[in-house]
Amino acid sequence: MAEIVEATFRIVTPMFLGGANQKVDDGIRPPSIKGALRFWWRALHWGLSLQATGGSLSKALEHLHRSEARLFGSAADDDGSGQGRFLLNAQYSGRALEPNALPPASPGHQYLLNQGLYHFKKGYLRSALEPGELRLRLLFRPGTDRTDRESVARALLALGLLGGLGSRGRKGFGSLALQSLSGTELTVPCDLDHLREAIVKLITMRPDTLPPYTAFSTQSRIDAIPGVHRNAWELLGDLGGEMQHYRSWGLNGKVAGVPSERNFADDHDLARDALLANPMTTHPRRVVFGLPHNYFFSSLPPTNNKLEINAIAPQTGGGWSDIGANRRASPLFIHLHEFPNHQRAAVLTLLPAQFLPDAWRIGLKSKGPVRRIDVTPDWTVLHGFMDRFAERRTLLEPRP
């Protein structure tokens, strides 16, 4: 087995990747790629760590942390600190696009971009890297075990079939579609018909219990939606439009100019009750899409027409964190894929996991003090969105 693993990706959708100043001048830097590889490596290896430690949650987490640090490196003050087992080189063939050069955003794109990346009057708020080619070269240190190389290669495959890089990476922007992979026993699916086979071989261990972090389990689900005659950008906009119509209450009975479906009237009424200071025993079901999750009611007085909903954590010494201090990323990943034969598909990956740490709560904040609500995620809300697509192909089914 070679000690070099090489991968070629196609960046399918604009990538909003940058440093602290949100600029993209530095291109795609290895630390960003390594961070994404770590994420997918952890997602794939939770079940294996749990099995290796006899089902002990605490021991499995320790085992996972040690294995990850050995492969990918760790901070100098960690036990077993070091540089990891491989060096990574990245070459990107594209260029940065200023906001006025980015493709026109449909209402669906705008919904997925959300505040921070798009303003309904100003348009795009940040520059982005254009679709292009990304080549990675991983040089493993002499003596690296074949199993270690394969585990990193599996993370490369997961990233290139399910993930992306940059802001709104879970919403389909910056999607990385793997085109070739060498120096490993793994193979890249050449078309949609072979994608399911690749997914089944990739995800070898799915524990029955809900993971303590975002990882694969028996509750995970992966669907592919064929692109038919749409390009990746059109397909992403269509998905965004479907999500907007599924989730949104609308204004004057309409969402993006068409009648509102109002699938979550209970959430709407609950949020309005919270603003009217009525007793609360639960939170909106749509928080399962991720936090924060906020409401605005134009029909209520301006002094009390906004409701903030977010995760809050107990603080050392008493009290709770500020309602704007925490987030919970969406467990639903949108990935736009382009196969080597130029077929296109949207891949939706649902990874249910412990929604918030045990001691945390959902906070509801309006004019008065923050109200704390126990966390009860309703995963059927996300399955309901995935079920909207009649043409979908289920690649990985959840098991009871």
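Need one number for the range 232-396: average projected area of the convex hull over its C-alpha atoms, nm².
On the way: hull surface 47.9 nm².
Taking the Cα atoms of the range 232-396, their convex hull projects to 12.0 nm² on average.
State the answer as a single residue: which of L270, F385, P340 lies farthest towards the positive end of the charge dipole of the chain, with beta carbon charges of +1 for Lys and Arg and -1 for Asp and Glu, about the Cα centre.
Of the candidates, L270 comes out farthest on the positive side.
Within the set K254/K365; K34/K121; K34/K365; K34/K122; K59/K365, which residue pairs have Cα atoms separated by over 30 Å? Write out the running numbers ahead of the final one.
Details: K254/K365 27 Å; K34/K121 36 Å; K34/K365 37 Å; K34/K122 34 Å; K59/K365 37 Å.
Beyond 30 Å: K34/K121; K34/K365; K34/K122; K59/K365.
So what is the 222 nm mean residue ellipticity for the chain from helices alone, if each DSSP H run of at least 4 adds -39500 (n - 2.57) and you divide by all residues, rounding to the nearest 500 deg cm²/dmol?
Working: 8 runs with 108 residues, N = 400.
Using -39500 (n - 2.57) per qualifying helix, the result is -8500 deg cm²/dmol.
Please work out the C-alpha center-to-center distance from the range 368-395 to the range 34-55 and express it in whole Å.
Result: 24 Å between the Cα centres.
Taking the Cα centre of the chain as the origin and placing charges on Cβ (Lys, Arg +1; Asp, Glu -1), which of L159, H119, W233 is farthest toward the positive end of the dipole?
H119
Among P284, P369, P292, whose mean-square fluctuation peaks in a Gaussian network model of the chain (Cα, cutoff 10 Å)?
Comparing P284, P369, P292 in the GNM, the peak value goes to P369.
Before anything else, pin down the relative contact order of the range 88-212: Cα pairs under 8 Å, at least 6 apart, normalised by residue count, whole percent.
Working: 112 pairs, mean separation 25.7, N = 125.
Relative contact order here is 21 percent.
For the chain, what are Rg and Dmax over the alpha carbons, in angstrom?
So, for the chain, Rg and Dmax equal 21.7, 68 Å respectively.
Could you work out which residue, out of L44, L382, L236, moves most in a Gaussian network model of the chain, that is, has the largest mean-square fluctuation with Cα springs under 10 Å?
L382
Based on the Cα atoms of the range 4-188, what semi-axes does the equivalent ellipsoid have, where each is the square root of 5 times one gyration tensor eigenvalue, given in whole Å with the largest first? The partial results should precede the final answer.
Numbers: eigenvalues 211, 68, 47 Å².
With the √(5λ) rule applied to the range 4-188, the semi-axes are 33, 18, 15 Å.
Using alpha-carbon pairs under 8 Å, 6+ residues apart, how would you state the relative contact order of the range 285-400 in percent? Walk me through the numbers on the way to the answer.
Values: 170 pairs, mean separation 30.5, N = 116.
Relative contact order, the range 285-400: 26 percent.
For the range 171-195 and the range 301-348, write down the distance between their C-alpha centroids in whole Å.
Centre-to-centre (Cα) distance: 27 Å.
So how strong a dipole does the chain carry about its Cα centre when Lys and Arg Cβ are +1 and Asp and Glu Cβ are -1, to the nearest 20 debye?
Numbers: 47 positive and 38 negative charges, 132 e Å.
So the dipole magnitude of the chain works out to roughly 640 debye.
Where a number appears in this text, it was derived from the coordinates with a stated rule and is not lab data. Computed from a predicted structure; not experimentally measured. Cβ sites come from the backbone with ideal geometry, for glycine too, and all protein chains shown count toward neighbours.
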